[in-house]
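Worksheet: the structure to be examined is printed underneath.
Only the coordinates and a few stated rules stand behind these numbers; no lab work does. This is a predicted model, so every value here is computed, not measured. All Cβ positions, glycine included, derive from the backbone under ideal geometry; neighbour counts span all protein chains shown.
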Amino acid sequence: MGVGAVSDYHHVPAIRLDRRATLVAACDADSDLLHKRGLDWGVDFLTTDYHEICQSDQVDAVVIATPNFTHGPIAVAAARNGKHILCEKPLGLDADQVRTMYHAARDASVVHMTAFTYRFAPSMRYMRDLAKSGELGQLRHFRSQRFLDLPETSWGWRQYKDQAGAGDLFDMTIHRIDFAIDLLGPLTRICGSVARFATRDHTASGEACPSSEVDDWSALIGEFSSGAVGVWEGTTLAKGYGLDGFGHEWAELNGSEQSAVYRLHEPNKLWLGRTGSDLAPVDVPPQYLVPAGSPRDPKDGVPATVFRYDLMWEFVSAITQRRDAVPSFYDGLRAQLVADAVLQSHQRHVWVEIPDEPR
C-alpha cells in the first residue's frame, strides 16, 4: 500500500532479493503514479482501494507505506482479513490509534512489524550486542543527533497535524527513541520540546500552500528504568549537513568500560573508546553485516542504503517461521507513547511519566 519513494527505493528492491516473496499487487490513491509503478515493477493487480488488497486471496501480507493518518484503517482492515502487516513509522497519529492497530494484529494472530529500519544497520546490530553482552560495562548515557538539511518548501501532507501527527519528532526522532529503548530498556519519564522555524508556505515550484503546522526541530531528555539517562535532538534545518543525502546521525552509548558510537553514513564501522584512548573506528565484524540467511551481499550497493533491505528479510522470515517479527507493533507503540509524551511535555512545560504498556 503506497507506491511512493520509500516503496520504490527500499521495500520493492528488498522483495525482489527474497526468493520466498513475490510482489503481486500495488495500491495507491494516485492512479497515475500507480500505473507507472505497475509498469516499472511488473505488477498487474493495481487498485486505488486498499480493501481490494486486504480481501484478495492472492495476498498473504501487506506493506503499508502510505500517509500516517491512513495507517490505522488499513492495518485494522488487513488484520481482520488475516494479512501479515509491515507498516512504516510512525504507526499512527497517536498512541491510542497505534494501540488499536497493535491489538487488531495481535488478536488476529498475524505477523506485525514496524519499519524501524535503523535497527538493521550493521553497526547498530554490533552496538546492541556489545551493550547486551556487558562489553561496554554498566550502561549510563544514550545520546542521539539526527540532523538533516532539507529544503524549506512544502512537505505536502507531512506538514499538517491531522495527516502526519507531528514533524521531525514522528518522522525521524521516533527511530532513535526506538533503538534507545531496544538498547537500554523502557523509559520511565521524559521532558521534551518541539519547534517550527520553516513556514513551508510554498511548494517547490513556488505555488502558495497553507503553512506547516508541525515541528522541524525536536529534543528530549529521558530517564530509563535501569537508571540510565538519554538525550535526543533532531532537526531538518541543519545547514550544510547534506552528507550525500544521508544527513548527520550520531548515536552514542557511554558505559562504565567503553563508549560506542554509530554513524549512519558509515554503517559498517563503529567508533569505540576506553579511558586513556580516543574514540576510534573499527570495522563491524562480518557476522553483523547481514542477518544470518539474508540473500543480501554486504559488498554490493551503498552501505547506508542497502542494510534497509534486511527489514523485509526479517518480515518474510517471521512469516515463514511462524514467529513474531522484530520490531513489532508493540515496539512501535512503546516509541509512540514516548513521542506523544514529548508533545505533552512541551505543551505543559513539565516532566511526563511514561505508562507501562501491557502486551
Practice prompt. Step through the residues of the stretch 49-60 one at a time and calculate ³J(HN,Hα) from phi using the Karplus curve (6.51 cos²θ - 1.76 cosθ + 1.60, θ = phi - 60°), rounding each to whole Hz and writing x for Gly and Pro.
Written response: 10, 5, 4, 5, 5, 5, 9, 7, 6, 6, 10, 9
Response to the item:
For the stretch 192-198, in residue order, the Karplus 3J(HN,Hα) values (coefficients 6.51, -1.76, 1.60; θ = phi - 60°; whole Hz; Gly and Pro = x) are x, 8, 9, 8, 10, 10, 9
Discussion item. If I stretch the segment between D40 and A195 completely, what's the gain in nm (0.36 nm per residue apart, minus their alpha carbon distance), one decimal?
Written reply: 51.8 nm
Worksheet item: Working out 0.36 nm times the residue gap between S225 and W157, then minus their Cα-Cα distance, what length gain in nm do you get to one decimal?
Response: 20.9 nm
Practice prompt. Once you've got the GNM for the chain with C-alpha springs shorter than 10 Å, pick whichever of A78, A121, A26 has the biggest mean-square fluctuation.
Written response: A26
Discussion item. Strictly over 27 Å apart at the Cα level, which of K239/K299; K89/K132; K132/K161; K36/K89; K132/K269; K36/K299 would you flag in this model?
Written reply: K239/K299; K132/K161; K36/K299
Worksheet entry | In order through the stretch 18-30: 3J(HN,Hα) via Karplus (6.51 cos²θ - 1.76 cosθ + 1.60), integer Hz, x for Gly, Pro | 9, 5, 7, 10, 9, 7, 10, 7, 9, 9, 6, 6, 8
Fill in: Nitroxide proxy distance, nm - points 7 Å out along Cα→Cβ at H202 and T275
5.7 nm
Worksheet item: Where in the stretch 199-292 are there GluC sites (Glu not before Pro) that are in a DSSP coil and have at most 11 other Cβ atoms within 10 angstrom of their Cβ?
Response: E207
Fill in: Against the rule of thumb 2.2 N^0.38 Å, how large the Cα Rg of the stretch 49-194 comes out
1.19
Worksheet item: Highest GNM mean-square fluctuation, the chain, Cα pairs closer than 10 Å: which of G222, G276, G134?
Response: G276
Practice prompt. Using the number of other C-beta atoms within 10 angstrom as an exposure proxy, rank C209, C87 with the fewest first.
Written response: C209, C87
Discussion item. I want to check the label-to-label distance for R348 and H103. Put each point 7 Å from Cα in the C-beta direction and report it in nm to one decimal.
Written reply: 2.2 nm
Discussion item. Give me the extension gain from Y9 to T320: residue separation times 0.36 nm, minus the current Cα-Cα distance, reported in nm with one decimal.
Written reply: 109.6 nm
Practice prompt. Please arrange V194, V3 by counting, for each residue, the other beta carbons lying within 10 Å of its beta carbon, fewest first.
Written response: V194, V3
Worksheet item: In whole Å and largest first, what semi-axes does the C-alpha gyration tensor of the stretch 1-49 yield when each eigenvalue is scaled by 5 and square-rooted?
Response: 18, 11, 9
Discussion item. As an exercise, find the ratio Rg/Rh for the stretch 5-117 from alpha-carbon atoms, using the Kirkwood inverse-distance average for Rh.
Written reply: 0.94
Fill in: Label-zone membership for the stretch 106-126, site K299, 7 angstrom Cα→C-beta point, backbone N under 19 Å
122
Discussion item. With a cut-off of 8 Å between alpha carbons and a minimum separation of six or more residues, what is the relative contact order of the chain in percent?
Written reply: 20 percent
Practice prompt. For the stretch 1-107, run through the trypsin sites (Lys or Arg not before Pro) and keep only the ones in DSSP coil with at most 10 other Cβ atoms within 10 Å of their Cβ.
Written response: R19
Response to the item:
At q = 0.06 Å⁻¹, the log10 of I(q)/I(0) for the chain from a Debye sum over equal Cα scatterers comes to -0.21
